[in-house]
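The values are calculated or read from the model by the stated rules, or taken from the named source; none is laboratory data. Not measured: the values here are computed from a predicted model. Neighbour counts run over all protein chains shown; Cβ positions are idealised from the backbone, glycine included. Heads up: the accessible areas ignore ligands, DNA and RNA and are worked out on the full protein's heavy atoms, side chains in. Shrake-Rupley method; radii C 1.70, N 1.55, O 1.52, S 1.80 Å.
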Amino acid sequence: MDDQDGFFGERVAAAYDESSADMFEPGVVDATVGFLAGLADGGRALELGIGTGRIALPLARRGVPVHGIDLSRAMVSRLRAKPGGDSIGVTIGDFATTRVDGTFSVVYLLFNTIMNLTTQAEQVACFRNAAAHLEPGGCFVVEVVIPELRRLPAGQNVVPFHVSPTRWAFDIYDVATQATSSNYVEVVDGRGEYRSIPFRYVWPSELDLMAQLAGLHLRERWDGWTRDAFTSESRQHVSVWQKPAG
């Protein structure tokens, strides 16, 4: 781990957009931006974990003023290098606790990034931080996967999600603590490399309680950005919690 940039140091940042190419598809980005712009409704937006600007840049092009918080200077440097990146304000810091000036119509935390906070206390702090940045009636949006525990046979704690002759990737779950990690083994020029990133998985009902502790209430929950119904078969959710209007 890079001590300065956490788990998203220079090496990860340099390949981030390519390694997450599916999330950069125009259909995915457009649906996300449209959803968030509607919630912003002419107000300001705050992105927690702004990264390389996948959503912040097109959202700003839609006329929504965007500010971001991110721990990784390496990721933010990629944002700055993109067209329009210099016009987006970014505060370097832990998005669970870092405060910025002003209030916002919408605060959002996407692409499973809530799980980068690896303790329940940090996740609760993040909800409180989001609520503190919201104007009355404003919304906090989280996009996150549903833990794939249904794929675990009895006695197994590993779920593979990529297998090829030169690359293996798998998640490890600890169901007692909700700790998990994504692990990658890659063979390059006959040499193997291993990388592991820790997470803490979290259930929708647990997030609702975190929101309640922060003074927010659930406004809506969907299977995705196109507002398909959230069901017991959903593998992810987009949830919106709202701050009381007054």
Handout entry: Heavy-atom surface of the stretch 115-214, accessible at 1.4 Å and reported per residue (Å²)
Key = 51 Å²
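Given the DSSP H assignment, sum -39500 (n - 2.57) over each helix run of at least 4 residues in the chain and divide by its residue total; what's the result at 222 nm in deg cm²/dmol, nearest 500? Provide the component values of the computation, followed by the final result.
On the way: 6 runs with 64 residues, N = 246.
Taking each H run of at least 4 residues, the total per residue is -8000 deg cm²/dmol.
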Problem - Area projected by the alpha carbon convex hull of the stretch 1-125, averaged over all directions, nm² - result: 7.5 nm²
Handout entry: Check: the chain dipole with +1 on Lys, Arg Cβ and -1 on Asp, Glu Cβ, in debye
Key = 320 debye
Fill in the blank from the handout: Each label sits 7 Å from Cα toward the beta-carbon; between Val100 and Ile172 the label points are separated, in nm, by 3.5 nm
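Give me the net charge for the shell around Tyr194: Cβ to Cβ below 12 angstrom, other residues only, Lys and Arg +1, Asp and Glu -1. Don't skip to the answer; put the middle values down first.
Working: positive: Arg167, Arg191, Arg195; negative: Glu186, Glu193.
Surrounding charge for Tyr194 is +1.
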Fill in the blank from the handout: Between the residues Thr103, Gly51, Phe35, the Cα farthest towards the positive end of the dipole of the chain, that dipole coming from +1 and -1 charges on the beta-carbon of Lys, Arg, Asp and Glu, is from Thr103
Fill in the blank from the handout: The answer for the net charge of residues other than Gly68 whose Cβ lies under 14 angstrom from its Cβ, with Lys and Arg +1 and Asp and Glu -1, is +2
Fill in the blank from the handout: Sorting Val76, Val142, Ser232 by the position of each Cα along the dipole of the chain (Lys, Arg +1; Asp, Glu -1; all at Cβ), the one nearest the positive end of that ordering is Val142
Problem - Long-range amide H partners of Gly137 with built H, under 5 Å - result: Lys243, Ala245
Fill in the blank from the handout: Taking the alpha-carbon centre of each part, the distance from the stretch 21-68 to the stretch 198-246 in Å is 18 Å
Fill in the blank from the handout: In terms of the charge dipole of the chain, which places +1 on Lys and Arg and -1 on Asp and Glu at the beta carbon, the residue among Thr166, Gly155, Trp203 farthest towards the positive end is Trp203
Fill in the blank from the handout: FRET efficiency for Thr91 and Gln156 from the Cβ-Cβ distance with R0 = 35 Å, rounded to 0.05, comes out at 0.25
Exercise for the section: Keeping the other protein chains in place, figure out the carbon and sulfur percent of the accessible area of the chain, with a 1.4 Å probe. Expected result: 53 percent
